[in-house]
Amino acid sequence: MRNILTIYRKELKSYFASWVGYAIIAFFAVVFGYFFYVATAIFVNQSFQSQMMGRGFPMDMHEWVIRPLMMNVSVIGLFIIPMITMRLFAEEKRSGTIELLMTSPVRDVEIVLGKWLAATTFYACVLAISALDLIFLFVYGNPDWKPILVAYLGLLLQGACLLAFGTFISSLTRNQIIAAGGTFAVCLLLWVFEWVTAYETSTWARVVSYLSVLTHFEPFAKGLLDSKDVVYYISTIFLGLFLTVRSLESLRWRA
Amino acid sequence: MIKVEGLTKRYGRVVAVDDISFEVQKGQIVGFLGPNGAGKTTTMRVLTCFLPPTSGTVRIAGFDVLEQPLEVKRRIGYLPESPPLYPEMEVTEYLSFVGRLKGIPKRDLKRRVDEVCDRCAIGEYRNKLISKLSRGYRQRVGLAQAIIHNPDVLILDEPTAGLDPKQIIETRELIKSLAGEHTIILSTHILSEVEQTCQHVIIINKGRLAAPPDTVENLTRRLRGAESVAVEIEPRDGVPDAATAQRRLEQVAGVSRVLPRDGREGRLLFEVESLQGRQVRAELARAVVEAGWNLTELRPVALSLEKIFLELTASEQAAGGAQ
């Protein structure tokens, strides 16, 4: 436990030790800010129109603002996650510090968990920046906070799952660019699997679609906490971390 | 303290280390000597549990590297060829991180960091970023990192590579000062380093032991069955000339050959080699004096490690070629 914490603290600190961490947060803040503006602008526009047409005013803010926003964030996440995980092991392998970690009295699992938890925490920090925008919704409106919380939980779970795969891919190479590219490819694949059901409804299409991280995020965006989706994320996190531990072990045998 | 038996390590079909056995006692400094690519680093990586052996057993302080790697790692300090540093960290921050990683209790951590900073003379750089340090200071931080948990065994992979001469001397002194408390294995391809720092030497070439592990003196003695003596004669008024002197020396009983060398200030210098197992110094002295010449110097020539090394690796190659 102490070892996990040691690695966790070192990793988390290194995210904030260089400009890269801040750049990622800034990038996300700008993109989210833009989407937030667009979503609220449409919402305001629509509510004016519906008022003029004499429909009932209180439109569902979650349905019109939060949900599309969260769906966008989950896609932005696919671009951010490779940037977060690319360093984790590739950099240690390139600079040789992996020898320090692997000759210290620490288990491989502890190294992997420490790094992954740090990456997930950093991703949570990135997501937390978006709360700045959402505060305005609470200032000028009265959205329900519970589905928002569920949506954030979904984002975090989806992120944690992709981060686990990113960590795995980073452990396969000593080149950060390759790690980032590979992770992005996997993220993209897990995203586009969702589209299969658009033209196909056969069993295999549904299976492929089930594999997509986005399929499982949709209920969260709606504010629905479904155990099926939670189980999907948690099991994929396990798979990703398991693969990373194995890959780290194989480092010793392949060398 | 360290016991290696029949260690073999293969990378695919390449045999990096082939059936090596040796033992290191507590408190010794052992030089691990060999040309580049001899398998030094591979052996060290096996000792530190970074790589598993293909076959054979390695025990450190009684713990097997495959069975109880955590116990082994707790007792080992390792400085790889390039020091494993995080450039974005400050020196003390880095040392505390390594200290925690090695399992130093929280209450001792600060004290240990201070101690190793003193020990390795990096006190004034303790709050600097590692990326701003020079090569020599990085090496010291690397060494500090290796000794922070006061390990029984220190494994140093080419600790002086890439340093300037002053830094090399300082690093050697530092390593010597660590002996006694720690058992040290250091690898190098520089022979004089072993002569100066180590009591024992293990010579490895192409993954095999080129000679059984021994003390530096014993190895020299064992290889030097025949005596080699430098004889310096000061001629008076051109007498004797080099040819006459050489002929006289060759006539001494027990001399196998006489090699002329460059003498200083007009003196004649010869390197005289004796037959196997013969002592010729007294005879040589008498011969020179009886001829009425001035004997200015007579000393046994120590076979340098350089020579030993070439001899060992050459005979190895000859044996390999004969197969």
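Of everything in the range A:149-176, what is among the hydrophobic types (A, V, I, L, M, F, W, C) and either over 16 Å from the mean Cα position of the chain (by Cα) or open to solvent by 20 Å² or more (accessible area, probe 1.4 Å) (or both)? Give them in sequence order. The answer is A:Leu149, A:Val150, A:Leu153, A:Leu156, A:Leu157, A:Phe165, A:Phe168, A:Ile169, A:Leu172. Quick check: is even one residue across the range A:54-67 surrounded by fewer than 13 Cβ atoms within 10 Å (Cβ to Cβ) and at positive phi? Checked against the condition, which is being surrounded by fewer than 13 Cβ atoms within 10 Å (Cβ to Cβ) and at positive phi, the range A:54-67 yields at least one hit. Any residue at all in the range B:37-44 that's crowded, with 23+ Cβ neighbours inside 10 Å and part of a strand (DSSP E or B)? Looking through the range B:37-44, none of the residues is crowded, with 23+ Cβ neighbours inside 10 Å and part of a strand (DSSP E or B).
Taken together, the residues in the range A:197-214 that are open to solvent by 30 Å² or more (accessible area, probe 1.4 Å) and in contact with a Ser or Thr (Cβ under 7 Å, 6 or more places away or on another chain) amount to 2. Looking at the range B:15-31, is at least one residue touching a helix residue (DSSP H, G or I) at 6+ places or on another chain (Cβ under 9 Å) and either open to solvent by 50 Å² or more (accessible area, probe 1.4 Å) or within 13 Å of another protein chain (Cβ to nearest Cβ) (or both)? So far as the range B:15-31 goes, yes, one or more of its residues are touching a helix residue (DSSP H, G or I) at 6+ places or on another chain (Cβ under 9 Å) and either open to solvent by 50 Å² or more (accessible area, probe 1.4 Å) or within 13 Å of another protein chain (Cβ to nearest Cβ) (or both).
State which residue is nearest to the other protein chains (Cβ to nearest Cβ) when the search covers only the range B:58-87 and only residues that are of a type in the set (A, V, I, L, M) and part of a loop (DSSP other than H, G, I, E, B). Once the filter is applied, the top-ranked residue is B:Leu85. Residues of the range B:88-106 that are at the interface with chain A (Cβ under 8 Å from one of its Cβ atoms) and either surrounded by fewer than 24 Cβ atoms within 10 Å (Cβ to Cβ) or not in a loop (DSSP other than H, G, I, E, B) (or both): B:Glu88, B:Met89, B:Phe97, B:Val98, B:Arg100, B:Leu101, B:Gly103. B:Gly56 meets all of the listed conditions (1) modelled with pLDDT of 90 or more; (2) open to solvent by 10 Å² or more (accessible area, probe 1.4 Å); (3) under 28 Å from A:Leu88 (Cβ atoms) but one, namely (3). Applying the criterion of at least 2 residues that are under 30 Å from B:Ile147 (Cβ atoms) and among the aliphatic types (A, V, I, L, M) to the helices (runs of 4 or more DSSP H) found wholly in the range A:31-139 leaves A:87-95, A:98-102, A:108-129.
Rundown of residues vs (1) within 14 Å of another protein chain (Cβ to nearest Cβ); (2) open to solvent by 70 Å² or more (accessible area, probe 1.4 Å); (3) among the aromatic types (Phe, Trp, Tyr); (4) without any contact (Cβ under 8 Å) to a residue 60 or more places away in the chain, yes/no style:
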residue	(1), (2), (3), (4)
A:Met1	yes, yes, no, yes
A:Ser18	yes, no, no, yes
A:Tyr22	yes, yes, yes, yes
A:Val31	no, no, no, yes
A:Val38	no, no, no, yes
A:Leu78	no, no, no, no
A:Asp108	yes, no, no, no
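Pairing residues of the range B:237-255 that are closer than 11 Å to B:Trp293 by Cβ with residues that are part of a helix (DSSP H, G or I), at Cβ distances under 7 Å and at least 6 apart in sequence or on separate chains, gives B:Arg248/B:Ala287; B:Leu249/B:Leu284; B:Leu249/B:Ala287. Applying the selection to the range B:186-210, what residues are of a type in the set (Asp, Glu) and open to solvent by 50 Å² or more (accessible area, probe 1.4 Å)? Selection gives B:Glu195 alone.
The values are calculated or read from the model by the stated rules, or taken from the named source; none is laboratory data. Since the model is a prediction, treat every value here as computed from it, not as a measurement. Because the Cβ atoms are built from the backbone with ideal geometry, glycine has one as well, and the counts that use them run over all protein chains shown. The protein model used for the area step is the full one, side chains on, heavy atoms only, and it has no ligands, DNA or RNA in it. Shrake-Rupley method; radii C 1.70, N 1.55, O 1.52, S 1.80 Å.
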